[in-house]
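Structure, as structure tokens:
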Amino acid sequence: AQRVTQPEKLLSVFKGAPVELKCNYSYSGSPELFWYVQYSRQRLQLLLRHISRESIKGFTADLNKGETSFHLKKPFAQEEDSAMYYCALSGLGDSGYSTLTFGKGTMLLVSP
Amino acid sequence: DAGITQSPRHKVTETGTPVTLRCHQTENHRYMYWYRQDPGHGLRLIHYSYGVKDTDKGEVSDGYSVSRSKTEDFLLTLESATSSQTSVYFCAIGPSPGNQPQHFGDGTRLSIL
């Protein structure tokens, strides 16, 4: 079974501070990992995915298969980064089709 | 934004009544999903569809049924709503599973009294 763990429910930082949102996963195969963001009362949006290795809004995430982690990082947090962040893993389920398994989310609050 | 419309956006109903939520897409994607979002639980998959009339259960399917009679519509039904089904429900679509991301609708806030 696939599982995603986000250990922090809430992360509170000051503007300009570095941010690291932790994500660990459990999956027997080769995982596809994503970070989604949900701003207040909005729909979930894809932030980035490990396969593209891109930086979106200053955020990066590196897949570490040895530590089974996919932590999200940003060197200098901005107030507009305040949102709920979800780590998600795409893996094969019992049906033979891939489905997304989400972590419970981390709320990031950036104070001025 | 991907063309996904959820209806209704908000609904209040009573325990024991049937409720149907609709997800409509204009992207012609094969895969459609229903999730519920609850504090402390994140998003959990209820049911998904991999084609017209092809559906399967997710992690929290008890008390829910789905139907997909055409590509663009995916319906979620609560046959007899219970207070534990009070939640925000999100529909998502995707061209294919695996490394392709899913795109989400705006959500339906459902309250069962």
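All of the numbers you see were taken from the coordinates with simple rules; none came from a lab. In this text, all values refer to a predicted model and were calculated from it rather than measured experimentally. All Cβ positions, glycine included, derive from the backbone under ideal geometry; neighbour counts span all protein chains shown.
Worth pointing out:
- For residue B:41, residues with placed amide H under 5 Å, excluding near neighbours: none
- Across the cross-link table entries A:22/A:74; A:22/A:57; A:15/A:73; A:104/B:11; A:9/B:11, which are compared at the Cα atoms, the separations over 20 Å belong to A:104/B:11; A:9/B:11.
- Beta bridges from DSSP with both residues in the protein assembly as shown: antiparallel share about 90 percent, rounded to the nearest 5.
- Cubic angstrom per residue, convex hull over Cα atoms of the protein assembly as shown: 116
- In plain terms, the residue of A:34, A:14 with the fewest other Cβ atoms within 10 Å comes first and the most crowded comes last, giving A:14, A:34.
- Averaged over the residues of peptide B:39-48, the number of Cβ atoms from other protein chains lying within 10 Å of each residue's Cβ is 5.
- Mean partner shielding of peptide A:99-107, defined as the number of other chain Cβ atoms within 10 Å of each residue Cβ, is 6.
- Of the GluC sites (Glu not before Pro) found in region B:1-63, the ones in coil according to DSSP and having at most 12 other Cβ atoms within 10 Å of their Cβ are B:14.
- Exposure proxy for A:13, A:37, B:12, A:4: other Cβ atoms within 10 Å of each Cβ, ordered fewest to most, give B:12, A:13, A:37, A:4.
- Contact order relative to length of region A:3-111, as percent, for alpha carbon pairs under 8 angstrom and 6 or more apart: 38
- The HN-Hα couplings worked out from phi for region B:27-43 by the Karplus form 6.51 cos²θ - 1.76 cosθ + 1.60 (θ = phi - 60°) are 9, 6, 7, 6, 9, 9, 9, 10, 10, 10, 10, 9, x, x, 10, x, 9 Hz, whole numbers, x standing for Gly and Pro.
- Distance distribution P(r), region A:3-111, all Cα-Cα pairs, bin width 5 angstrom from 0: 2, 13, 24, 25, 19, 10, 4, 2, 1, 0 percent.
- Charge dipole (Cα centre; +1 on Lys/Arg Cβ, -1 on Asp/Glu Cβ; no other charges) of region A:3-111 amounts to roughly 140 debye.
- Within 10 Å of the Cβ of each residue in A:39-51, the mean number of Cβ atoms contributed by other protein chains is 4.
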